[in-house]
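Comments concern the structure below.
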Amino acid sequence: MTSAGAKRFTRTHRGENFPVASRLVSARHRPAILAFYRFARASDDIADDGLLEPAEKLRRLDEMEATLFGEADAPHAVPLRAVLTERRLSARHPCDLLTAFRLDVEKSRYRDWNDLMDYCAVSAAPVGRFVLDVHGEQNSTWEASDALCAALQVINHMQDCAKDHRALDRVYLPLDMLASHGSGVEDLTRAAATPALRETLSELGERTSLLLAKSASLAPSVQDRRLRMEIAAIQRLAEVLVTRLAARDPLSERVHLRKAEAALVSARAMISSLIATRGSARRRSGNGSGRGAGSPT
């Protein structure tokens, strides 16, 4: 049931913690990525809408999916349907996202890390995979992309743990992890994190750092130079936020990066990526020349 004080949650791509179809992405790919983002945001808003009953939320999410296959005309899904048709892309990734939003309607707790990773597999991984597909990247990049997207998702859950509980009655922090540190859902209602909750967040941060170690290979493996730089920036932003979460209390302190901070971190990461790419190209060129000169005829 909804309450009289329930609110609607509406966000835009400019309000995200990490870049979404930034100007760094090639102009020919931005419309496709923005169509996917707007589809995802509209679907997320349906799942988060405090004025809708669960059955109505599920009906609207079903309508979003039906639109992708030409069986309905939900306004925020029509542009994505056109993109999928024009670029001959599968509807798999947006449909996976809709699975996550249905989970948000029907499920509000996650029992352990594996349960949370299963959620990230449909709530986060499809975003990275879609962007890679739009750029024509190889499916071999998916594994590292999945790790990065899962890390970003967990970081958001950690930053917003109190807000998610207060506004949506959702707890993405694994219940068994909370219990193992002597914490519980009730700790999310406090003005500041208890030592037990801080320990839980610390363990989550450590696991997220392992995901980021796995995703570090993504940017160098991407062929599109502009996308490679954007991924390098996102990877570094995630690493900085994990470090912040280890030192700050998300219940009582600001963890999100300010725009100027995020811009500086991103710029440094992109420059480092560019330098590394050029250095690698020079080495390959040099090694190729050497083999050519010394190889037998």
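Tabulated values for the structure
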item: Verdict on Ala191 being assigned by TED's automatic domain parsing to the domain that holds Arg244 and assigned to a loop (DSSP other than H, G, I, E, B); result: yes
item: Output for region 96-142, where each listed residue is surrounded by 15 or more Cβ atoms within 10 Å (Cβ to Cβ), free of Cβ contacts under 8 Å to residues at least 60 places away in the same chain and either small (Gly, Ala, Ser) or within 17 Å of Leu227 (Cα to Cα) (or both); result: Ala100, Ala121, Ser123, Ala124, Ala125, Pro126, Gly128, Arg129, Asp133, Trp142
item: Candidate set from region 226-238 (those that are hydrophobic (A, V, I, L, M, F, W, C) and under 15 Å from the mean Cα position of the chain (by Cα)); member that is surrounded by the fewest Cβ atoms within 10 Å (Cβ to Cβ); result: Leu237
item: Residue selected from region 192-221 under the condition farther than 19 Å from Asp160 by Cα and among the polar types (S, T, N, Q), by the criterion nearest to the chain's Cα centre (by Cα); result: Ser215
item: Answer from Asp62, Asp73, Asp45 - the residue that is in contact with a Phe, Trp or Tyr (Cβ under 8 Å, 6 or more places away or on another chain), outside the structural domain of Gln153 (by TED's automatic domain parsing) and at pLDDT 95 or above; result: Asp45
item: Close pairs (6 angstrom Cβ cut-off, 6 or more residues apart or separate chains): at positive phi and in contact (Cβ under 8 Å) with a residue 40 or more places away in the chain in region 204-229, surrounded by 15 or more Cβ atoms within 10 Å (Cβ to Cβ) and outside any helix (DSSP H, G or I) anywhere; result: none
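The rows are residues; the columns are (1) surrounded by fewer than 20 Cβ atoms within 10 Å (Cβ to Cβ); (2) closer than 22 Å to Lys107 by Cα; (3) in contact with a strand residue (DSSP E or B) (Cβ under 6 Å, 6 or more places away or on another chain); (4) among the hydroxyl-bearing types (Ser, Thr, Tyr).
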| site | (1), (2), (3), (4) |
| --- | --- |
| Ser183 | no, yes, no, yes |
| Leu188 | no, yes, no, no |
| Ser202 | yes, no, no, yes |
| Leu210 | yes, no, no, no |
| Ser217 | yes, no, no, yes |
| Pro220 | yes, no, no, no |
| Asp224 | yes, no, no, no |
| Val240 | yes, no, no, no |
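The values are calculated or read from the model by the stated rules, or taken from the named source; none is laboratory data. Only a predicted model underlies this, so the values are computations on that prediction, with no experimental measurement involved. Glycine gets a Cβ as well: all are built from the backbone with ideal geometry, and neighbour counts include every protein chain shown.
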